[in-house]
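These notes are about the structure you will find just below.
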Amino acid sequence: MCPVQFEVKVRAFSSGDLDGICEIERLSFPDPWSKLEFQMVRRLPNVVFLVAELEGSPVGYVVAERRHSFLRRGSSGRILNLAVHPNFRRMGIGSRLLREATAMLNVEEVWLEVRKSNHAAVNFYLKSGFKPVNLAPRYYGDEDAVRMVKRPLTFPPQQGD
Ligand code: ACO
């Protein structure tokens with residue numbers, strides 16, 4: 001793990017982050033969220049939107065949502081979006097964003113969908129303790145998603161723990 005992790009600050013999203021986040025989003029996904037989508041999602045109740053900042057600029061972000069199921073009488077969360085700038089990957093930033101967002105959700109289980117061909121992200125979530133549950137056919141229109149869940153919410157120990 002690179003020492004840069006120790007200079008990275010994780011904090012709540014603010015509107016000044018939008019341009020930087022949209023640039024990371026474009027570099028990270030074939031079907032990037034628009035600026036408007038980020039602006040809309042930040043206004044939703046029960047959304048956790050965190051930014052990893054290095055020397056004043058965003059280098060990653062996570063958007064997660066808390067849901068309450070009255071039928072199952074439990075609480076669950078969903079990772080809606082998570083990306084790290086390509087120049088800052090494999091430094092532990094994605095893991096830290098995931099860990100901090102999950103802690104803030106404060107739920108019993110967390111779900112997510114990830115493109116089947118996105119081996120880096122599938123491996124990242126497996127490493128973080130998520131388990132594949134099933135395939136969601138055509139979830140992305142052009143591709144299936146792997147649906148994954150993590151319960152109970154414990155993470156592997158990090159350096160310094
Ligand atoms: N290939 C294989 N394993 C990987 C990779 C990779 N490219 N990247 C991470 N991992 C695994 C490794 O086991 C890694 O530990 P190691 O480096 O000690 O071997 C572990 O995950 C932790 O990696 P981090 O450094 O914490 O992850 P990073 O900061 O690089 O972020 C992320 C991972 C977010 C998936 C990043 O690659 C990225 O932004 N990808 C593009 C966007 C994306 O696909 N986001 C997920 C979409 S799905 C969703 O949002 C629900």
For the stretch 77-86, does any single residue satisfy the condition of being surrounded by fewer than 19 Cβ atoms within 10 Å (Cβ to Cβ) and more than 15 Å from the ligand (Cβ to nearest atom)? no
Taking Gly74 and the conditions (1) modelled with pLDDT of 95 or more; (2) surrounded by fewer than 17 Cβ atoms within 10 Å (Cβ to Cβ); (3) farther than 19 Å from Phe13 by Cα, which numbered condition does it fall short on, given that it satisfies the others? (1)
Taking the options Arg26, Arg67, name whichever one is open to solvent by 60 Å² or more (accessible area, probe 1.4 Å) and part of a strand (DSSP E or B). Arg67
Checking the condition within 14 Å of the ligand (Cβ to nearest atom) and either under 20 Å from Met148 (Cβ atoms) or in contact (Cβ under 8 Å) with a residue 24 or more places away in the chain (or both), which residue from Arg26, Arg89 passes? Arg89
Scanning the stretch 90-130 for residues that are under 26 Å from Gly141 (Cβ atoms), open to solvent by 40 Å² or more (accessible area, probe 1.4 Å) and not aromatic (Phe, Trp, Tyr) gives Lys116, Ser117, Asn118, His119, Ala120, Asn123, Leu126
Mind checking which pairs have a first residue in the stretch 94-106 that is farther than 18 Å from Val8 by Cα and a second that is of a type outside the set (A, V, I, L, M) and more than 12 Å from the ligand (Cβ to nearest atom), Cβ under 8 Å, 6 or more apart or different chains? Leu105/Arg66; Asn106/Arg66; Asn106/Ser75
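The values are calculated or read from the model by the stated rules, or taken from the named source; none is laboratory data. The structure displayed is predicted, hence computed values, not measured ones. Note that each Cβ is placed from the backbone with ideal geometry, even for glycine, and that neighbours are counted across all protein chains shown. SASA here: full protein model, heavy atoms, side chains in, ligands and nucleic acids out. Shrake-Rupley method; radii C 1.70, N 1.55, O 1.52, S 1.80 Å.
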